[in-house]
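All remarks here apply to the structure that follows.
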Amino acid sequence: MAQTTIPTLHFKEAALELLPPGANFDACLSCGLCSSGCPASGLENMDPRKFIRMALLGMDEELSNTHWVWCCTLCKRCEYVCPMKIDVSKLVFLARGNWPKDRQPAGIVRSCALTQRGASTSAMGMPPDDFVLVVEDVLEEVRATQPAFRHLQAPVDKPGAHFFVNQNSREPMSEPEEMVPLWKILDLVGADWTYASSGWAAENFCMFTGDEEAWRAVIKTRVEAVNALGCQVWLNTECGHSYYSMWQGVERFGLDAHFRMESLITWYARWIREGKLPINARWNRQGIKFTVQDPCMIVRKSFGDPIAEDMRFVVRTLVGEDNFVDMQPNRSANYCCGGGGGSLQAGKREQRLVYGKRKFDQITATGAAYVLTPCHNCHSQIEDVGHHYGGHYGVVHFWTLMCLSLGILGENERRYLGADLRALID
Amino acid sequence: MTGPPRNFGAELAVVGSGMAGLAASVFAANRHITTALTGNSGALAYTTGYLDLLGRVDGSTAEVADPWLALEDLRQARPSHPLARIAAADIRAAFDEFTAFVGEHGIAYSPAGAHNICALTPAGTLKRTLCVPATMAAGPRAVSEKAACVIVDFEGLKGFSAREVVAHLAGRWPAIEARRVAFPGMPRGEVYAEVMARAMEVPATRERLAEVLRGVAGAARVIGLPAMLGMHRPDRVHAELQRLTGLEIFEIPTLPPSVPGVRLRELLEQALPKAGVTLIPQHKVAQVSFDADGAALLLHDSFGPIRIRARAVILATGRFLSGGLEAHPNGIREPLLNLPVTQPAGRADWYRERYTDSRGHPLHRAGIEIDAESRPLGPRGRPLDDRLFAAGVIVAHQDWIRSRSGAGIAIATAYQAVAAAQRYLGPRPPPGAPR
C-alpha cells in the first residue's frame, strides 16, 4: 500500500507566525550551543542547529520528512542555552502535526486515540468505572491487610475537596499497589483530596502528535472535571508532561479553569516544612547514595529552578545531605532523559537509547545507587538505559522512599526497591 | 494562565550573567552583600577559559609581555580606558579574588603573575594572557620547553584540528606531531567537545581514553588535547587522566561552543547560590526602575512575571551579542535604561574602510560612560541614579577584542562597581569573615 505523502511545510513562513514580535530565526549565530547541548544531535543525521539552518535555507521538503522530529523530545534545552533564545521545539511541534496520522509513530497515535475515547482521558484507555473499581479494590485490600491503615481513604468524585489529584494510568492499569504510598502520604498530612471518575488521568500523548485540537479536547475534559467538583487545586502527581500539557493547554486554548494547577513536589516540600510530613534520613544508615532527575516538563519547561530547589530540599531531607549527589548539569540545565516528547511510544528504541546515553553518563558519574524522579516517562527511560548500558542503579518514586522513611511502606509496595533498601525494612 | 508574580528581594541586583555579572556576584557574595543575579547565557560559552588582562597595546599590533607596565602606558595614552581608571593593585586583587573563588569550586587557575603567559589558541597560534586554567597550564610550558609532544584530536570533532595546531607550531617546535583518534563509546558522526567533556566525568570513559592516549603517545611524554577534560570537576579529571596515562596532559581551547566557558558558567551557577546569591538564570531583565525604596526589576519566564526589589543595581549586560547595546539605523542604544551611549557621529563612521585595519573600528569603542564611582552617566552628564552602577564591556572607550582584555575589563570593573555599591550600601564585615 502506498504511503501517504507528508505535505511540505514552509518553515520560515511558519516561524514568522510562531514567534513573538521582535524575535526571529535570522538571529541565529550558528554557534552550535544548541546542538552541543542536545542529546538528540546526530540522530537521523540532524541536530537543532542544522534544523534552523535548513529552515532558513528553505529546505522545507527535507525538514517536513525528517524522522528526527520524533527523536527530539521537545525538551527546550536548545532554547535554554541559546543566547538568542531560539526555540527549535516550536518548529518540531509544527512538523509533527504536519505528518499525516498514518505516518506518525503508531504508538503515540494510539495513545492519543485512547485518551480521547472516554471521559477518563486515559492514554491506556481505562474506562471511568474500571478506575473507580480498581481504587476501591486496592483500598479495601489495604484496609484489610495493613491495620495501621484500616481507615485509609481514597475518595472519588468528592465535591469541594481542596485537591483534585490526578493519576498516571500506569498504576491502576499495571501496578495498582503503587497508588497506595501516595494515599498514605495524603492521609498523614491530612489533605482534603479526591480522585475523579472523569478527567482523572495524567498523561496526554495527544500533545506529542502536534494535534492541537486533540490536545485541547483532552485538557478541556480535565478542566471541566475539576471545575465540576469545585476543587481549588489540580494537583499533578509524579508525572512530568501531564503538568506541562495542562497549564500550557489552559493558556494556549484559553480554557476557563477555576482552580490552581500545582505540583506534588511543591506540596511535599511544603508539608515537610510545616512539620506535617515528618520524613527523615535516619533509615539510611548505610549511606546509600541518591541522585535526582529534573523532569524537563516541570522544571525547565514550567516552574524553573524554584521547583528544582524544592525537589532537592525534599531529597536531602529524605536521604540525608551527604547521601545526595547532584547530576551535572542539573536543575533547568539538566538533560532530558530521552523518554520525553512521547519517545517511549515512538517506536525508535535504538535512537532513544543513544539519546539516553548522556543521561546514563550523568548518573554513572554521580556514583548513585538510585535515581529519584517524579515522572513516569523519566522513570521508564532511566530504567531502560540502565539495563541497556549495564548500569547498576535503581529508579524510585518519591512516594515509595517517603513511606519507607516513615516506616509505612506495605509489603507489596516495594517493587522498585533494590536488595539494599529491602534489607533495611525486612 | 500564568502563575502569580514571584518576588525576590536583595540588597544588590546584578543584571547580566556574563563574566562581569558573575564576577560582580562573586565579589558581592564575598562582601556579605545579599545579591540577586539574573541574565541570559551571554557570551561566556564562547570564551577560551583564559583570563586576559591586556594582551595588545591599544591601537597597535605589538604583543604585551608585561601587562602591568602596559597599563601604565595605557593610563598615559588612553586615560578614559576603563582599565586605565582602576589602580593596578585593585586589578590584581580582583583577579586574585576571582580565581580563588573558582579555584575553591573546582577550576584552579594559575595566579596573576608579573608577566603574561604565552598560551595556545584553538588554531595553534600563540596569544598573551594573564591566567590560564590548571588543565591548560602544561601547554605554555611545553611550548617554551619544546618537549616531544603529540597533539590529539577526535574523529567527528569540528572546530579543532590537531594538524592545524601542529602546522602552526612545527616551525618553532620540531618534536610535535598530530594524531587523530576515536573517542571511546561515541556513536559515529559529529562529536562535540561538550559531550566528550561530560562523558569524561565517568571513570570508565577516562580509563578507555587513557588506553587510547597511551597508544598514540609513542616516545612523547606530553599530550595536547582539545579542551574536553571534564565539565564539572576538570581538575580531578585532568589529574586522573595524567595518573592513568603517566603522561603530562594539557588542554587547548576549541572554537565555540567551548567547554571552558560552559564550565565556568555551570560552576558559578552552582557555587553562587551556595554562597547565598539568589540566581534567576537564563532570563533577560525587561525593566529596571528606581523609586524612593530602591530599584524594581521585572523579568518574565515561561511561567509568568518575576520581580526583584533591590537597594542597588549593577548593570553588566554586555555589548551587542548579549543585548546590552543595540545597533539601530539612527544610532546605538542602551535598551534597558536608555542610557546615553558614546558613539561615532553617524553610522558611516562606525567602521573604517578596511575591515582588518589595525587601529580597529570606532564602533567597538562605543559604550556607556561611568563616573569614578562606576555610576552610569545620564543625559546631563550626571549619574543617572546613585543606586545604579555598571561593569563589563558595556563601558565605553575600550576595544576588548583587539586589546585582548575582555576578562580584565569584566573582572576589574566588576570589582570596582561592587566596591562602589558597597560604599553606597554601607559597611560590612571584611571579606572572608564568617557569613
- Query: Which of the residues spanning the stretch B:1-45 are among the hydroxyl-bearing types (Ser, Thr, Tyr) and at pLDDT 90 or above?
  - Reply: B:Ser17, B:Ser25, B:Thr34, B:Thr35, B:Thr38
- Task: State yes or no: is B:Ala93 in contact (Cβ under 8 Å) with a residue 60 or more places away in the chain and within 18 Å of B:Leu225 (Cβ to Cβ)?
- Result: no
- Message: Tell me the residue from B:Glu177, B:Glu211, B:Glu201, B:Glu194 that is at pLDDT 95 or above, within 13 Å of another protein chain (Cβ to nearest Cβ) and either farther than 29 Å from B:His105 by Cβ or not in a helix (DSSP H, G or I) (or both), please.
- Response: B:Glu201
- Out of curiosity, is B:Arg172 of a type outside the set (Phe, Trp, Tyr), in a helix (DSSP H, G or I) and surrounded by fewer than 19 Cβ atoms within 10 Å (Cβ to Cβ)? no
- Query: Among the residues of the stretch B:54-70, is any under 23 Å from B:Glu266 (Cβ atoms) and without any contact (Cβ under 8 Å) to a residue 40 or more places away in the chain?
  - Reply: no
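For the structure I just gave you, tell me whether A:Tyr335 is within 13 Å of chain B (Cβ to nearest Cβ), surrounded by 24 or more Cβ atoms within 10 Å (Cβ to Cβ), touching a Gly at 6+ places or on another chain (Cβ under 6 Å) and at pLDDT 95 or above.
Numbers: within 13 Å of chain B (Cβ to nearest Cβ): yes; surrounded by 24 or more Cβ atoms within 10 Å (Cβ to Cβ): yes; touching a Gly at 6+ places or on another chain (Cβ under 6 Å): no; at pLDDT 95 or above: yes.
For A:Tyr335, the condition - within 13 Å of chain B (Cβ to nearest Cβ), surrounded by 24 or more Cβ atoms within 10 Å (Cβ to Cβ), touching a Gly at 6+ places or on another chain (Cβ under 6 Å) and at pLDDT 95 or above - is not met.
If you go through the stretch B:382-399 one residue at a time, how many are over 14 Å from B:Ala414 (Cα atoms) and in contact (Cβ under 8 Å) with a residue 12 or more places away in the chain?
Residues flagged as over 14 Å from B:Ala414 (Cα atoms) and in contact (Cβ under 8 Å) with a residue 12 or more places away in the chain within the stretch B:382-399 amount to 9.
When you scan the stretch B:30-47, do you find a residue that is assigned to a helix (DSSP H, G or I) and charged (D, E, K, R), even just one? Break it down stepwise before answering.
Of the stretch B:30-47, the ones assigned to a helix (DSSP H, G or I) are B:30, B:44-46.
Retained after the next criterion (residues that are charged (D, E, K, R)): none.
Scanning the stretch B:30-47, I find no residue that is assigned to a helix (DSSP H, G or I) and charged (D, E, K, R), so the answer is no.
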- Item | Of the criteria (1) of a type in the set (Gly, Ala, Ser); (2) buried (at least 18 other Cβ atoms within 10 Å of the Cβ); (3) more than 14 Å from chain A (Cβ to nearest Cβ), which one B:Ala292 fails | (2)
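Restricting to the stretch B:81-134, and then to whatever is of a type in the set (D, E, K, R) and not in a strand (DSSP E or B), can you tell me which residue is farthest from B:Gln398 (Cα to Cα)?
As a first pass, look at the stretch B:81-134 and keep what is of a type in the set (D, E, K, R): B:85, B:90, B:92, B:96-97, B:104, B:127-128.
After this cut, where a residue has to be not in a strand (DSSP E or B) as well, the list is B:85, B:90, B:92, B:96-97, B:104.
Working: B:Arg85: 12, B:Asp90: 19, B:Arg92: 19, B:Asp96: 23, B:Glu97: 24, B:Glu104: 31 Å.
For the stretch B:81-134, the residue satisfying everything is B:Glu104.
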- Which of the residues spanning the stretch A:43-74 are within 14 Å of another protein chain (Cβ to nearest Cβ), of a type in the set (D, E, K, R) and over 27 Å from B:Asp301 (Cα atoms)? A:Glu44
- Message: Would you confirm whether or not the stretch A:237-247 contains a residue that is over 23 Å from A:Cys375 (Cα atoms), within 14 Å of another protein chain (Cβ to nearest Cβ) and in contact with a Lys or Arg (Cβ under 7 Å, 6 or more places away or on another chain)?
- Response: no
- Considering each of A:Arg96, A:Arg77 in turn, give the residue that is buried (at least 19 other Cβ atoms within 10 Å of the Cβ) and within 14 Å of another protein chain (Cβ to nearest Cβ). A:Arg77
- Message: As an exercise: evaluate A:Ala40 against (1) within 10 Å of chain B (Cβ to nearest Cβ); (2) assigned to a loop (DSSP other than H, G, I, E, B) and give the number of the one condition it does not meet.
- Response: (1)
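Take B:Val143 and decide whether it is modelled with pLDDT of 95 or more and either surrounded by 18 or more Cβ atoms within 10 Å (Cβ to Cβ) or within 23 Å of B:Trp173 (Cβ to Cβ) (or both).
Details: modelled with pLDDT of 95 or more: no; either surrounded by 18 or more Cβ atoms within 10 Å (Cβ to Cβ) or within 23 Å of B:Trp173 (Cβ to Cβ) (or both): yes.
Spelling it out, it is not the case that B:Val143 is modelled with pLDDT of 95 or more and either surrounded by 18 or more Cβ atoms within 10 Å (Cβ to Cβ) or within 23 Å of B:Trp173 (Cβ to Cβ) (or both).
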- Might you check whether a residue that is within 14 Å of chain A (Cβ to nearest Cβ), out of contact with any helix residue (DSSP H, G or I) (no Cβ under 9 Å at 6 or more places or on another chain) and in a loop (DSSP other than H, G, I, E, B) occurs anywhere in the stretch B:66-77? no
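The values are calculated or read from the model by the stated rules, or taken from the named source; none is laboratory data. Here the structure is a predicted model, which means the values were calculated and not measured. FYI the Cβ positions are ideal-geometry reconstructions off the backbone, even for glycines, and counts take in every protein chain you see.
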